Amino acid sequence: MSDLCSNNAHLSGRPRSRRQTLIGLFVFAVLAAAAFWICWAQSRFNPAVLNYLAGAVVATQPPASAEPFLELPEGLSPLSPPERFDRETLADKINGKAELYLSAGFVRLHCQRLALAGRPQDWLEAFVYDMGTAPNAYAVFSQQRRSDGTPLGFAEFAYRAENALFLAHGSFYLELIASSKDSRLLDAMEALARGFMAQRPAAGAAIAERDLFPREGLDEAGIRLIPADAFGLAGLDRVFTAAYAADGGEMTAFLSRRESPREAVDRARAYVDFLKAYGGEVSLADKPVGGTSVIAILDTYEVVFALGPFLAGVHEAPSREEALALAVRLAEKLKEAPHGP
Amino acid sequence: MAPDPLLNRREFMGRAARAGAALLAAGGIAFLTHDPSGPQPASEELAASGLPDFSLPEAGRKMCIARGADRLRTLPLALQALGGIETFIRKGDRVLIKVNAAFASPPLLSATTHPELVSELTRLCLKAGAAAVHVADNPINDPASCFALTGIGQAARSAGAEVVLPEERFFHPLTLPDAHLIKNWPVLLDPLVRATKLIGLAPLKDHHRSGASMVMKNWYGLLGGRRNIFHQDIQTIIAELARMVKPTLVVLDGTTTMVSNGPTGGSLADLKDTRTLILGTDQVAVDAYGATLLGKTAADLPFIAKAEALGAGSADYRALSPIEVSA
């Protein structure tokens, strides 16, 4: 800008004026002071503003109608009215866990308490989360998966715990949570889940990325989808992970299909830079692909590479050799996958 | 963009000055109309500047770690180790027990205060001569369902306590001096100002947002309004709550701990039998020890250091020489 001004001053033949300079500095000082004040005021924003705009002080009673929002199997009846929550109000139902769902694309939640007919003390609560897409539903299902759950044969992504049933079906994630371990409640939950699926036969969808992990040593139940900020890196989203046994414990293979090979390369570079910023020491390897980064960090090893549209690698391996061996196997599987959009 | 050959230095300065004047005018109007105290409630009620101090300096900084699976045995044992319930509750006291009844979930899930502890603590307070015991919380879900389905309501009433279901009229605005977040915020003040002693009774849980929910996080249930906006800065709000509330005693129930998928859990697989009940007069120290039952350290939970920095207590629980007992 000073060049422009100098040039113009030269062109117009007018010398610089000290007065003009002082006025200019004053104007800039005023602008800087205004910017500083805005930042300072914003940093001390009073949250009470939002509260008084929002209204209610105490949680409100749900609506009086107890009509079920699901088709209920025989033997179950509503114990309370159905409730509905959206992105604004989800925390009113599940408090601090809301972020898990919101970050995965949550759309709405319907829930209702149901009881065995004539036995109000034996009740369950049905939560039906509409997550918008099947991968989003799989993300919340897989991230909360309990290790000792019993798989259910009637659905690919379903398991039963001692007192609960969890199911991902299409874009829906269901939690059916009972007040006790009573077998009649558990049977009713299973009937409810089957009925839910039967009413939405076309909703089921495969999660293709699950098939891209090497089979040997894979715990299929342990495949997770991290919807956002994977491994602590802001913006690293839609990352599938799978645990594998290693000599020194466990390691995790990961992959993420990006929009283009270029984006995969950019994401790989961003993740390597992130690890370097936290003290990682980077070396290069020519396997599984040229330019693969191997990062030693906090007594573990990371492998990061891009292959077609995939960002992939190995996370927290106990040794460099095991990390690279798993990375090679992962790359072989990725080469078999369609690389189109 | 090509430079404008008609714009000379003087004209540039003139335009910049006019733009600056416009900004200055806008900023000036904003400054003059800015209300630094924030919105006032509909009534003319002034914001309280703090809560009563329920702590007992003469009781000192004490802590007890009681091990056992039976809460009805570990609670009296731990209290005995701290000098007996009479150390904290005197004849004629009006005791408020702040439970965690956040969710309408069954006791089986350990997402809320266990009803056995509510009834036993009530019984002990009344036995020590308390004139009245009230049990209160402002749950996330609708209050009547929460107190009923958690079993807390029935446990409290059967032991002789009165359950305070939150009503809008019980809340009053409170501003914590020098606080960043608690400014003119509705707080469940009525039951607090009527009490002479305050006991926090919280379950030990994993928490997706804050890392853990223990005795300091339990005070979150004193807030009204759209408090979920505090989730954006949950570490600070917990620390400010710890500074706001000076309890007589806190009880952290790690008999069965929700170690994953908190704060709601949902499956028994989320729970672990850690068989520990922690009592103390220093809520920061109690939480610091509680972190270890989640497989964490105090350093893993920023709200602990923040609360300590605000003077709510000490994260060095070992300095309290906790008494360890087994039932």
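None of the figures in this text is laboratory data; all of them are computed from the coordinates on show. Note that the structure is a prediction, hence the values are computed from the model and not measured. Note that we place each Cβ from the backbone using ideal geometry, even for glycine, and neighbour counts take in every protein chain shown.
Pairwise over distinct Cα atoms, reciprocal of the mean inverse distance: report the Kirkwood radius of segment B:284-327 in Å, one decimal place.
10.7
Across segment B:165-174, computed HN-Hα scalar couplings (Karplus, 6.51 cos²θ - 1.76 cosθ + 1.60, θ = phi - 60°) run 7, x, 10, 4, 5, 7, 9, 9, x, 9 Hz from first to last residue, x flagging Gly and Pro.
Once the Cα atoms are used to define both axes, helix A:134-143 deviates from the longest principal axis of chain A by about 80 degrees. With the helix formula -39500 (n - 2.57) applied to DSSP H stretches of n ≥ 4, chain B reaches a computed 222 nm mean residue ellipticity of -9500 deg cm²/dmol.
What the Kirkwood sum gives for segment A:161-261 is a hydrodynamic radius of 16.3 Å, with every pair of different alpha carbons counted.
Of all the stretches in chain A, which is the longest one without any exposed loop site, taking trypsin sites (Lys or Arg not before Pro) in a DSSP loop (any state but H, G, I, E, B) with at most 13 other Cβ atoms within 10 Å?
A:45-180
Taken as Cα centroids, segment B:140-188 and segment B:254-276 sit 24 Å apart, rounded to the nearest whole angstrom. Here segment A:69-199 is described by how far its Cα atoms reach on the three principal axes: 39, 31, 27 Å, from widest to narrowest. Taking one quarter of the surface of the convex hull spanned by the alpha-carbon atoms of segment B:52-157 gives a direction-averaged projected area of 7.1 nm².
Centre-to-centre separation between the Cα atoms of segment A:15-35 and those of segment B:47-117: 63 Å.
A Cα-only calculation for segment A:170-209 places Rg and Dmax at 12.6, 37 Å. Please build a GNM for chain A, connecting alpha carbons under 10 Å apart, and tell me which residue among A:Gly24, A:Gly132, A:Gly222 fluctuates the most. Per the Cα network of chain A with a 10 Å cutoff, A:Gly24 tops the list. According to the Cα-based calculation, Rg over Rh for segment B:205-327 is 0.95, with Rh computed by the Kirkwood formula. Beta bridges from DSSP with both residues in chain B: antiparallel share about 45 percent, rounded to the nearest 5.
When chain A is treated as a Gaussian network with alpha carbon springs shorter than 10 Å, the biggest mean-square fluctuation among A:Ile23, A:Ile226, A:Ile297 belongs to A:Ile23. Considering helices alone, the calculated mean residue ellipticity of chain A at 222 nm is -10500 deg cm²/dmol, with DSSP H runs of length four and up weighted by -39500 (n - 2.57) and normalised per residue. The tail of the calculated P(r) for chain A, taken as Cα-Cα distances beyond 35 Å, holds 45 percent of the pairs. In summary, the helical segments of chain B meeting the span-like criteria, namely a full DSSP H run, a Cα extent along the axis of 24 angstrom or more and a mean Kyte-Doolittle hydropathy of at least 0.0, are B:9-33.
Take every DSSP beta bridge whose two residues both sit in the protein assembly as shown; close to 80 percent of them are antiparallel.
Normalised by the number of residues in segment A:208-335, what is the relative contact order in percent for Cα pairs under 8 Å and 6+ residues apart?
23
Dimensions of segment B:69-119 based on its C-alpha atoms, expressed as ranges along the principal axes with the largest first, amount to 34, 27, 13 Å. Once backbone amide H atoms are built at 1.01 Å from N, B:His134 has B:Val95, B:Leu96, B:Ile97, B:Glu162 as its partners under 5 Å, excluding neighbours fewer than 5 places away on the same chain.
Can you check what the Kirkwood hydrodynamic radius comes to for chain B, Cα pairs only, in Å to one decimal?
21.1
Evaluating 6.51 cos²θ - 1.76 cosθ + 1.60 at θ = phi - 60° for every residue in segment A:301-312, the Karplus couplings come out as 10, 10, 10, 9, 8, 10, 9, x, x, 9, 8, 8 Hz, glycine and proline recorded as x. Principal-axis analysis of the Cα atoms of chain A puts helix A:183-199 at an angle of about 60° to the longest axis. On the principal axes of its alpha-carbon atoms, segment A:208-335 has extents of 33, 32, 26 Å, going from largest to smallest.
Projecting the Cα atoms of A:Leu298, A:Ala253, A:Ser319 onto the dipole axis of chain A, where Lys and Arg carry +1 and Asp and Glu carry -1 at the beta carbon, places A:Leu298 farthest toward the positive end. Beta bridges per DSSP, both residues in segment B:187-327: antiparallel share near 65 percent. With 10 Å bins beginning at zero, the pair-distance distribution over Cα atoms of the protein assembly as shown amounts to 3, 13, 20, 20, 19, 13, 7, 3, 1, 0 %.
Here the Gaussian network model covers chain B, with springs between Cα atoms less than 10 Å apart; of B:Gly68, B:Gly28, B:Gly266, B:Gly28 fluctuates the most.
The angle between the Cα long axis of helix A:320-336 and the longest principal axis of the Cα atoms of chain A comes to about 80 degrees, rounded to the nearest 10.
Pairs over the 28 Å Cα-Cα cut-off, from the set B:Lys217/B:Lys272; A:Lys276/B:Lys272; B:Lys127/B:Lys246; B:Lys98/B:Lys272; A:Lys93/B:Lys183; B:Lys127/B:Lys272: A:Lys276/B:Lys272; B:Lys127/B:Lys272. For segment A:78-85, 3J(HN,Hα) computed residue by residue from phi via the Karplus equation (6.51, -1.76, 1.60; θ = phi - 60°) reads x, 9, 8, x, x, 10, 9, 10 Hz, glycine and proline entered as x.
Only Lys, Arg, Asp and Glu carry charge here, each on its Cβ (+1 for the first two, -1 for the last two); on that basis segment A:69-199 has a dipole of about 100 debye about its Cα centre.
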